[in-house]
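S.K.: What follows is a single structure, and I will ask about it in a moment.
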Amino acid sequence: MQIRVSGRPARFVGRRPGRPAPVTGRKPLGPQLRIIQIYYVIVMLVGFGYAALINPKGDLGFVYDLSMLRACIQLCTSAQAVYMLQRRAKWAIPFCVVATSVCTVLSLIDMFAMHANAPVFALLGPFASAAFVTVEYVGAIVTVTYLALARHPREVLCVDIAGKPEGDGHSWDRPLRERIRTWPYWRDLAIYFIVFSFLGHWAEILFCRLIIAGVFMGSYDPTNAMLWDQWLFPFSAEGIALAMVVVLLHPVKEKLLEHFEGRTLPALACSFAINGLVCTSIDFGTGMVANQNYELWDYRDMPFNFMGQVCLQNSMVYTIAATLIVWVVYPLMDLGLRKVPRGVLDVAFFGLLSVYVFEAALHFIVPA
């Protein structure tokens, strides 16, 4: 909307498309809720420190057990709690009470029944261990009691931040130059990256299982703990590949449909060929940079290979997967996200991001 003043259009004043509407009339959190917010931040920092201590290359080692599950849940819910408190969300009270209670029970089982924290406590020493236990359990009790019984949180945390879904249709119906200036575009792209980083790991396990079953040719390493045992290890290359599909290959598919006037078959054929060229080029380029000594993979014994970095079988698998994502998976995911309220997606994003950072710290920070 423009307002004319003295015959000249005034500058547009308002929020950019896709940006959440500002929350008006918010009451201050107050010192008590700020302390609770700080408590959740401390819990997150402790979780990231825990990930650094139990790095698989460190002395303590780790297994994917109740302790790992509890740490992921605690980090995810803590990040979401910090965001909801900051936004004064009306569902912050039940969420924080339930999530904190569940994490506390899991932590007690983990400590007294599983004794999973004993090696960490031995490394930290008695003083740091006592401080850790005090912060976690006393903070949890105070948080749950205050949020459940006090009147102030119910007066402050009363804002409906869910917002409205973006509606029917596709996100790419709007021009790219408009979408890249909005928060939902980058948030959704990050969600795709994180989700497919984990799904890519499980797809790799499935591919190795199919090699074992004789469906595909090739070899695998049965002693690779990162692949078989550390099943939450994020394969970021697959996440990057999905992001590239969204940014590069899907717009090409839309241009091809436009060029062929909506005829699916010729557009699909051209899209398949372009996807194959892009995927094979990325695979070869990655191999020439990171796999020069064939430490990650070696296709020299595979038929129709080139320099041992790429082979016809794997290139066809990548191309088929990319084409399915371009034509089926990503459009369905985009439609699904557009039906979810914007605030709910924001909360989910911060939870997923915290788990991804935790797993990255777990596997990539090497203790001194």
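Read the figures in this text as sums done on the coordinates, not as results from a lab. Every value quoted in this text rests on a predicted model; they were computed, and no experiment measured them. With ideal geometry, Cβ positions are generated from the backbone for all residues, glycine too; neighbour counts draw on all protein chains shown.
S.K.: Applying the Karplus parametrisation 6.51 cos²θ - 1.76 cosθ + 1.60 with θ = phi - 60° to the phi angles of the range 186-191, what ³J(HN,Hα) value in whole Hz is obtained for each residue in order, glycine and proline being reported as x?
M.R.: Once θ is set to phi - 60°, the couplings for the range 186-191 become 6, 4, 5, 4, 5, 4 Hz.
S.K.: May I ask you to list the aspartates and glutamates whose Cα is less than 17 Å away from that of Lys253, ignoring any residue fewer than eight positions away on the same chain?
M.R.: Asp173, Glu261, Asp334
S.K.: In addition: I need to check one value: relative contact order of the range 284-338, counting alpha carbon pairs closer than 8 Å and at least 6 residues apart, in percent. Intermediate values should be presented prior to the final figure.
M.R.: Working: 29 pairs, mean separation 11.0, N = 55.
Once divided by the residue count of the range 284-338, the mean separation gives 20 percent.
S.K.: Which whole-number percent is the relative contact order of the range 171-340 (Cα, under 8 Å, 6+ apart)? Write out the running numbers ahead of the final one.
M.R.: Numbers: 138 pairs, mean separation 35.0, N = 170.
Relative contact order here is 21 percent.
S.K.: Still on this structure: Could you list which residues have their amide H under 5 Å from that of Val340, counting only those 5 or more apart in sequence or on another chain, with H placed in the peptide plane?
M.R.: Glu166
S.K.: Show which lysines lie in cross-link reach of Lys90 when reach means a straight Cα distance below 22 angstrom and same-chain residues fewer than eight apart are skipped.
M.R.: Lys27, Lys164, Lys339
S.K.: So, counting K/R as plus one and D/E as minus one, what does the shell of residues with Cβ under 11 Å around Trp231 add up to? Provide the component values of the computation, followed by the final result.
M.R.: Numbers: positive: none; negative: Glu204, Asp229, Glu359.
Result for the neighbourhood of Trp231: -3.
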